[in-house]
Amino acid sequence: MKADTLIIGAGPAGLMAAQELARAGRSVLIAEARPSPARKLLMAGKSGLNLTRAEEFGRFLAAYAEAAQDLRPMLTDFGPLEVQHWARQLGRELFTGTSGRIFPTEMKASPLLRAWLGRLGAMGVELRTRWRWRGWKDGDFVFATPQGNVTVAPRVTVLALGGASWARLGSDGAWAPWLAERGVPLAPFGAANAGLRVDWSDHMRRHFGAPVKPVRLTAGQKQSRGECVVSRRGLEGGGVYAVSRAVREGAALFLDLLPDLGQAEVASRLGAPRGKASLTNHLRKTLRLDPARLALLQEFGRPLPQGDALAPLLKTLPVRHAGLRPIDEAISTSGGVRWDGLTPGLMLRALPGVFAAGEMLDWEAPTGGYLLTACLSTGRWAGRHAALHP
């Protein structure tokens, strides 16, 4: 079948590209492998859809590390303020949390997605689900569909295929070898915003599901003060995700179990008369350590030093772990299409007329609104430039 514009992937980047192409008067066909669109967005919305972040733009941009300069034009054009305006145009009321994170008041993705899909449908965008891309045949795109194989010959294409995490939601990275065969330079995938694997001793079982707070995590030059959770498989949560890149790159991880106290104050409190109290009770009484933090101290610090040597251990507790959780269990991935393989308009240099957007590009960022904002921004940028392609 012929098509003016083909978009592969109906996540946030693909839907935003479709919006811009339709606005420019192009006929748009979206092919989505899963039975329904934007499944990863809906999953994120189960715990509160963090759309973007309210902070100074330079600080916001810095969250993208070495990809910041490549993303700058897109985020300048469609950054946190524009994301908020877009969501309000879809009828969503927003609020800003104490950490600067911005959410819809209903704390769900489904109302926003329904409104967005309704707008796209009214613009003439056609969505085909259960269309799984299988590569090329004679230069055309081949899809496995419920009706059998379908070949599409578009004038212009936007790839918005996601990274390589949460394959059951649609991001499986299967596209990587097909692009590599056609000369598109790729950086290898890595787990980003991922939990830690820890082989716990038996005494930790009673603490599975327990939050650990307050705590500061340090890996190399990266620090994060935030909650983490003791799970059956290891340590998870926003505090861990924020330092997962440094851990992936080989930095040792340390916990500060008392981030509100300096080491001298910790030592002073430990020096209080102990009497007949056990060390555990002494720590609980003098430092107000809860059971989860006490358990972590025992797990990673045994045999516990006596006297003054215990204070630095409480402030810099080394974490023994087996690395990050597998890529498919990570919130997002690093790696993907390298920037030197893209034009400034996000067209693949090796494949004229084919653009790319979203998480399949080689960038990563922490959770907290950065991921979704960049997916929307790159999708919009790719769609606008694809609309100009003859």
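Observations, loosely collected:
- Residue under evaluation ALA3, criteria (1) part of a helix (DSSP H, G or I); (2) closer than 30 Å to GLY148 by Cβ, criterion not met: (1)
- Check on LEU61, in contact with a helix residue (DSSP H, G or I) (Cβ under 8 Å, 6 or more places away or on another chain), in the same structural domain as PHE143 (by TED's automatic domain parsing) and modelled with pLDDT under 95: no
- Just one residue in the set PHE78, PHE57 is out of contact with any strand residue (DSSP E or B) (no Cβ under 7 Å at 6 or more places or on another chain), free of Cβ contacts under 8 Å to residues at least 24 places away in the same chain and of a type in the set (Phe, Trp, Tyr); that residue is PHE57.
- Near pairs, Cβ below 9 angstrom, 6+ apart or cross-chain, from segment 288-311 (in contact (Cβ under 8 Å) with a residue 12 or more places away in the chain) to any residue that is assigned to a loop (DSSP other than H, G, I, E, B) and of a type in the set (D, E, K, R): ALA292/LYS213; ARG293/LYS213; GLU299/ARG320; PHE300/ARG320
- Flag for ALA63 being over 30 Å from ARG134 (Cα atoms) and crowded, with 18+ Cβ neighbours inside 10 Å: yes
- Note on segment 22-79: residues that are acidic (Asp, Glu), within 16 Å of PRO366 (Cα to Cα) and not in a loop (DSSP other than H, G, I, E, B) total 1.
- Among (1) touching a strand residue (DSSP E or B) at 6+ places or on another chain (Cβ under 8 Å); (2) without any contact (Cβ under 8 Å) to a residue 60 or more places away in the chain - the single one VAL152 does not satisfy: (2)
- Evaluated against (1) at pLDDT below 95; (2) touching a helix residue (DSSP H, G or I) at 6+ places or on another chain (Cβ under 7 Å); (3) surrounded by 20 or more Cβ atoms within 10 Å (Cβ to Cβ); (4) not acidic (Asp, Glu), ALA242 falls short on exactly one condition, (2).
The values are calculated or read from the model by the stated rules, or taken from the named source; none is laboratory data. Just so it is clear, the structure is predicted and the values come from calculations on it, not from any experiment. FYI the Cβ positions are ideal-geometry reconstructions off the backbone, even for glycines, and counts take in every protein chain you see.
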